[in-house]
Amino acid sequence: MAATEAELFSLLKELEIETTTYRHAPLYTVEESRDLRGEISGCHCKSLFLKDKKNNFILAVMQEDRRLDMKALFKSGLLNVGRLSFASAERMIDMLGISPGSVTPFSLINVKIPELIVVLDKSMLDHDFLNYHPLHNEATTTIARQDLIKFIKHFNFDPVIIDFDQL
């Protein structure tokens, strides 16, 4: 069973990670987020759940305004994966425990396969504070950059940091 927001926040407290959460109407796209989020400081981010034909899965986390060139990422050889596409909603629910529109690095709390590749946008990490959905799209949670890394490593993932400007 997928973790709840309360379970996520309990784990963050246990890990001594401070966050601030802002409630809002459900947001499904970056455009909606820009219009409805108000004055939440920090870097606003998006997360994409990808796969290749060999069933390698990637959680790519980046600044909200960045466009991911999946072909360039594949050709770069940085991840040693095949041609990339978006994973299905069913696979997202099964593997990340979240629904479309709610993809977030916090969903690592639900991941049971250690083979998932976690990719972080290098330029996103230039910001002190980062914003993500807390397992659903009716809130935004602000977390310090170093605490995001701490959270990811808690689940034994070693994130691949990619400079997307160099692809």
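The values are calculated or read from the model by the stated rules, or taken from the named source; none is laboratory data. Everything numeric in this text was worked out from a predicted model, so none of it was measured. When we count neighbours, we look across all protein chains shown, and the Cβ atoms used for this are built from the backbone with ideal geometry, even at glycine.
Among residues of region 3-21 that are closer than 12 Å to Asn110 by Cβ, those with a beta-carbon under 9 Å from a residue that is β-branched (Val, Ile, Thr) and assigned to a helix (DSSP H, G or I) at least six positions away or on a different chain give the pairs Ala3/Ile109; Glu7/Ile109; Leu8/Ile109; Leu11/Ile109. Across region 126-143, a minimum of one residue is classified as aromatic (Phe, Trp, Tyr), in contact (Cβ under 8 Å) with a residue 60 or more places away in the chain and either in contact with a Lys or Arg (Cβ under 8 Å, 6 or more places away or on another chain) or farther than 21 Å from Arg66 by Cα (or both).
Restricting Ser41, Ser85 to residues that are over 15 Å from the mean Cα position of the chain (by Cα), part of a loop (DSSP other than H, G, I, E, B) and polar (S, T, N, Q) narrows the list to Ser41. Is one or more of the residues making up region 74-90 touching a residue at least 40 places away in the same chain (Cβ under 8 Å) and touching a His at 6+ places or on another chain (Cβ under 7 Å)? No; the residues of region 74-90 include none that is touching a residue at least 40 places away in the same chain (Cβ under 8 Å) and touching a His at 6+ places or on another chain (Cβ under 7 Å).
Screening Glu31 on (1) surrounded by 12 or more Cβ atoms within 10 Å (Cβ to Cβ); (2) modelled with pLDDT under 95 shows it passes everything except condition (1). Residues that are within 30 Å of Asp128 (Cβ to Cβ), at pLDDT below 95, part of a helix (DSSP H, G or I) and of a type outside the set (S, T, N, Q): does region 8-24 have at least one? Looking through region 8-24, none of the residues is within 30 Å of Asp128 (Cβ to Cβ), at pLDDT below 95, part of a helix (DSSP H, G or I) and of a type outside the set (S, T, N, Q).
One residue stands out in region 103-133 among those that are under 13 Å from the mean Cα position of the chain (by Cα) and of a type in the set (S, T, N, Q): the one that is surrounded by the fewest Cβ atoms within 10 Å (Cβ to Cβ), namely Asn110.
Taken together, Lys112, Lys150 contain a single residue that is of a type outside the set (A, V, I, L, M), out of contact with any Gly (no Cβ under 6 Å at 6 or more places or on another chain) and part of a loop (DSSP other than H, G, I, E, B), which is Lys112.
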